[in-house]
Amino acid sequence: MNTTEMKRYKSAEWNFALDIPRRWHAFPPVSSNSPAEVIRFASKEEGNHLVIIFRWARDPKKPLREGCEQVQQILAGKGFANFSTIETTIGTRAALMMEFDRPQDGGTWSCRQYFLAEGTLHYALGFGTNDKDRMFELYDRMAKSFEFSAE
């Protein structure tokens with residue numbers, strides 16, 4: 001069980017909250033990475049670790065999987081591979097979890113991204129690390145703490 005001390009981050013602007021490790025820091029979005037990026041949190045302690053929150057408009061009549069597949073195509077164009085997707089839940093809400101990776105600096109940059117919908121909005125929590133074995137349990141804990149807040 002991961003015992004990392006957490007703090008609650010709440011965004012009134014983007015209408016979500018989640019737990020992040022106490023020693024991680026918030027950084028502004030990098031629009032060149034994605035225009036849907038709203039904030040990122042990062043740590044360089046014992047490796048390179050990152051979570052990015054994405055938010056964009058969606059057609060609520062379309063399945064969650066469609067947004068996931070569109071993101072996969074974009075990521076494949078950026079050199080990511082080894083995609084796998086499973087259905088899961090965050091709280092009582094249906095979600096998709098996609099894993100993928102790419103070579104980086106003589107190692108592997110491993111990612112896990114969760115996709116959720118709230119009405120006409122699509123959210124994605126994108127986690128990345130150069131230490132998958134140590135970090136994915138913590139990333140799951142962070143994702144499971146994600147909540148939408150009222151607009």
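No value in this document is a laboratory result; all are computed from the given coordinates. Worth saying up front: this structure is predicted, and the values here are computed from it rather than measured. Please note: Cβ atoms are built from the backbone with ideal geometry, for glycine as well, and neighbour counts cover all protein chains shown.
Couple of notes before you dig in:
- Charged side chains reduced to their Cβ positions (Lys and Arg at +1, Asp and Glu at -1) give the range 96-147 a dipole of some 0 debye around its Cα centre.
- Most mobile of Gly79, Gly47, Gly106 in a GNM of the chain (Cα contacts under 10 Å): Gly106
- Answer label for Kirkwood radius over Cα pairs in Å (calculated), chosen among [x] 17.2; [y] 18.4; [z] 15.8: [z]
- Total lysine pairs under 20 Å (Cα atoms) in the chain, excluding pairs fewer than 8 apart on one chain: 6
- Only Lys, Arg, Asp and Glu carry charge here, each on its Cβ (+1 for the first two, -1 for the last two); on that basis the chain has a dipole of about 200 debye about its Cα centre.
- Between the range 13-45 and the range 77-151, the alpha-carbon centres lie 13 Å apart.
- Contact order normalised by residue count of the chain, Cα under 8 Å, 6+ apart, percent: 25
- Cα-based shape type of the range 60-117, given that a ≥ b ≥ c are square roots of the gyration tensor eigenvalues and the cut on a/c is 1.5: oblate
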